[in-house]
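Participant: There's a structure below that I have some questions on.
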Amino acid sequence: MKRVLFPGSFNPFTRGHADIVERALLLFDEVVIAIGCNVQKTDDAQKQERMQQEMAARAACIAQRYVHASRVRVITYTTLTAEVAQQQQACAILRSVRSIKDYEYEMQMADVNRHLTGIETVVLFARPELASLSSSVVRELQQFGYDTTEFLP
Ligand code: ADP
């Protein structure tokens, strides 16, 4: 049983993310989509609670999409990704690389996570046609009132 942890903010979950999940299902038996946020970023308890609520809402929305996919699970977390991977008994962390910019960040994170717990990171390259798609661009377009359905699964 090979389970992989796919961590990220997924704010929002885009077609790029969905494509990575689909491709990972060809390599692993189970994909756990792990929505994380660093609540330690703020001391404000109210803010922390709001962050947790937003994360839970995002998780519910993504879980809805995979309600019939028995090999996909959605969780939320506020601790270290490598620790969550261990708790979930994942054999690896799954990430994706769209560009050189992603590459450098992912290499550093993979190194830290391997150092902490010995867990490996499997990286899939984004499909070229989805490589320019990012959650932050989608969020920005939504703020300006644009219809972003073409970017969402
Ligand atoms: P984070 O904030 O942790 O980077 P994201 O939700 O932005 O989380 O991304 C989670 C993972 O999905 C990352 O590995 C990221 O590179 C990947 N990803 C994001 N957008 C795309 C896309 N359009 N195509 C393929 N992978 C993507």
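Readers should treat all values here as calculations from the given coordinates under stated rules, not as data from a laboratory. All values derive from a computational prediction rather than experimental measurement. Reconstructed Cβ throughout: ideal geometry from the backbone, glycine too, with neighbour counts over all protein chains shown.
Participant: Just report the Cα centroid separation between the stretch 26-60 and the stretch 92-153, whole Å.
Facilitator: Rounded to whole Å, the Cα centres lie 16 Å apart.
Participant: Order of H115, H17 from fewest to most other C-beta atoms within 10 Å?
Facilitator: Lowest count first: H115, H17.
Participant: Further, regarding this structure: Extent of the stretch 86-134 along each principal axis, from alpha carbon coordinates, in Å, largest to smallest?
Facilitator: Per principal axis, max minus min of the Cα coordinates gives 34, 19, 13 Å.
Participant: Right, another one. Just rank M109, M55, fewest to most, by other beta-carbon atoms within 10 angstrom.
Facilitator: The order, fewest Cβ neighbours first, is M109, M55.
Participant: Starting from the Cα-Cα distance between D147 and C61, subtract it from 0.36 nm times their residue separation and give me the gain in nm to one decimal.
Facilitator: Gain in length upon complete extension: 29.2 nm.
Participant: From the helices alone, meaning DSSP H stretches of at least four residues, give me the mean residue ellipticity at 222 nm for the chain, per-run term -39500 (n - 2.57), in deg cm²/dmol to the nearest 500.
Facilitator: -13500 deg cm²/dmol, from helical runs alone.
Participant: Listing C37, C61 from the residue with the fewest other Cβ atoms within 10 Å to the one with the most, what is the order?
Facilitator: Ordered from fewest to most neighbouring Cβ atoms within 10 Å, C37, C61 come out as C61, C37.
Participant: Work out Dmax and Rg for the chain from the C-alpha atoms and quote the Rg first, both in angstrom.
Facilitator: According to the Cα coordinates of the chain, Rg and Dmax are 15.4, 44 Å.
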